[in-house]
Amino acid sequence: MLNAKISFQNALIFLFSIFPISFLIGNLFINLSIIIISIVYLLGVFFKKVEFKINDKFFLLLIFFFITLLINLFFSNDISLSYPRVLKFFFIIFFVLAYRYLIYLDNNELNYLYKLWSLIFAIVCVDLIFEFFVGFNLLGSKSYIPGRLAGFMGGKTKYDSELVIGNYFFAFALLSLSYFYKNYSKKKILNMSLAIILILISFFIGERSNFAKTIIVISLFIFFIYELNIKQKFFSIMFIVCFFAVFLNLNPNYKIRYVDQQIKTLKKNNFKCISSNHCAHYQVAINIFKDNPFFGVGIKNFRIESFDNKYKILKNKNWTGGTTHPHQIHLELLSETGIIGYLSFLIFIFFSIYFSLKSYLLTKNIYQFSAIIFIVASLIPFLPSGSFFTTYSSGLFWINYAIMIGHTKKLNNEL
């Protein structure tokens, strides 16, 4: 029995260890990883290798949100688009609980997991730096947009590239900083230098929203975790600001991306947000929500409904403002699940953060802190975001959510 239990634990450790790699390969591997991990966990419950408590507060929160998604199916315009995402959330529940189970393991095992994740992330960082200086990455991929990097998720042309490496970088940057700080906390200058380097790499990636979120979470990490005096923190911030100011004036591609496409475009249009793509998506989502206030149009139905002529925003152009998702998590939830689904999500995420933050204040677990501020930053209103229900973005969200609530388990056992 003991050997069987050890094999079960090793299987979960291995599957979680390689999970970050699945994002670099594709959505199929992300989904397979989540499903396999959840099935392995359920088998562990079935064969009594895992102590499963049905009254666990996080399990109840996840089930509560899952039930609201099931209810939404009855009001979906096209249920064939909605039910695969709802079904996947069933597996996400046990994927999250599987990570919570790993908290029972020896600290050396958990440290090994974060060490491997940090190593994978370091390879991604080296690849991005290489691409920035050379023009293509280690596999020959390159970005088709000036001022952006493709990383391992790119291809030779825009047809085989998906420029979303910034979201991956945002999701794993803090976890890597946490690992380095936890194991080398006395090397203050090295820790600070690493944080600054990660901010610069995020800037070079060229994904504006993810860069804003990354600089927010790393700044919070520096302020609350690093044991530096005010002068050291001030000069670090000033260095970053001065670097950006000089770099933007020397590199026209990044100046266009970060300055011209934002400030000048808004100024040219009298600061009317409707002139930008994202703002047009936002307005379409608001209009869809107004027409379907209680239950929305159904999960993943924005991609169909937004192209309806009645939601056409830019009357003088062929483009309607329609797209696959609104590019803002709050508007996506409102337009696709209505006020009922949106309030359910707020209740679910509020109590999840509340219990996790309460745990962190007692245990001071920096991995939990990193996951908490990632989740909070992911929910910042107005900043563009990936689709909450898509495979790639949701996978990054749920692994951080699993870390956030997972580290409360030891606290529960102690009380």
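The values are calculated or read from the model by the stated rules, or taken from the named source; none is laboratory data. Note that the structure is a prediction, hence the values are computed from the model and not measured. FYI the Cβ positions are ideal-geometry reconstructions off the backbone, even for glycines, and counts take in every protein chain you see. The area values use the complete protein model at the heavy-atom level, side chains included, leaving out ligands, DNA and RNA. Shrake-Rupley method; radii C 1.70, N 1.55, O 1.52, S 1.80 Å.
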| message | I'd like to compare 117-126, 395-404, 184-193, 355-364: which one has the highest average count of other Cβ atoms within 10 Å, and what's the full order after that? | response | 395-404, 117-126, 355-364, 184-193
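Ordered by packing density, taken as the mean number of other Cβ atoms within 10 Å over each peptide's residues, highest first, how do 324-337, 298-311 rank? Present the calculation step by step, with values, prior to reporting the outcome.
Working: 324-337: 24.5, 298-311: 19.2.
Sorting 324-337, 298-311 by mean packing, highest first, produces 324-337, 298-311.
Using the Cα centre as the reference, give the magnitude of the dipole from point charges on the C-beta atoms of the chain (Lys, Arg: +1; Asp, Glu: -1; all else neutral), rounded to the nearest 20 debye. Intermediate results must be reported in sequence, preceding the final value.
On the way: 38 positive and 18 negative charges, 159 e Å.
Result for the chain is approximately 760 debye, rounded to the nearest 20.
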| message | Residue by residue through region 41-48, what is 3J(HN,Hα) from phi via Karplus (6.51 cos²θ - 1.76 cosθ + 1.60, θ = phi - 60°)? Round to whole Hz and write x for glycine and proline. | response | 5, 5, 5, x, 5, 4, 8, 6
| Accessible area in the full protein assembly, largest first, 1.4 Å probe, for Val284, Val246 | Val246, Val284
| Classify region 331-409: rounded, prolate or oblate, from the alpha-carbon gyration tensor (a ≥ b ≥ c, eigenvalue square roots; a/c under 1.5 rounded; otherwise prolate if a/b is larger than b/c)? | prolate
| said: Using the basic label-point model (7 angstrom from Cα toward the beta carbon), what is the Lys358 to Asn183 distance in nanometres? | reply: 3.4
| query | Of all accessible surface on the chain at a 1.4 Å probe, what whole percent is carbon and sulfur? | reply | 67
| note | Ranking Asn365, Phe239, Ile37 by how far each Cα lies towards the positive end of the charge dipole of the chain (+1 on Lys and Arg Cβ, -1 on Asp and Glu Cβ), the top one is Phe239
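Quickly rank 73-85, 375-387, 170-182 as a protection proxy: mean count of other C-beta atoms within 10 Å, highest first. Present the calculation step by step, with values, prior to reporting the outcome.
Numbers: 73-85: 16.5, 375-387: 18.5, 170-182: 22.8.
Sorting 73-85, 375-387, 170-182 by mean packing, highest first, produces 170-182, 375-387, 73-85.
Leaving out ligands and nucleic acids, note down the accessible area per residue over region 96-221 with a 1.4 angstrom probe, in whole Å². Walk me through the numbers before you get to the answer.
On the way: 5210 Å² over 126 residues.
Per-residue accessible area for region 96-221 comes out at 41 Å².
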| request: Beyond 18 Å between alpha-carbons counts as too far, so tell me which of Lys57/Lys300; Lys188/Lys231; Lys115/Lys182 fall in that bin. | output: Lys57/Lys300
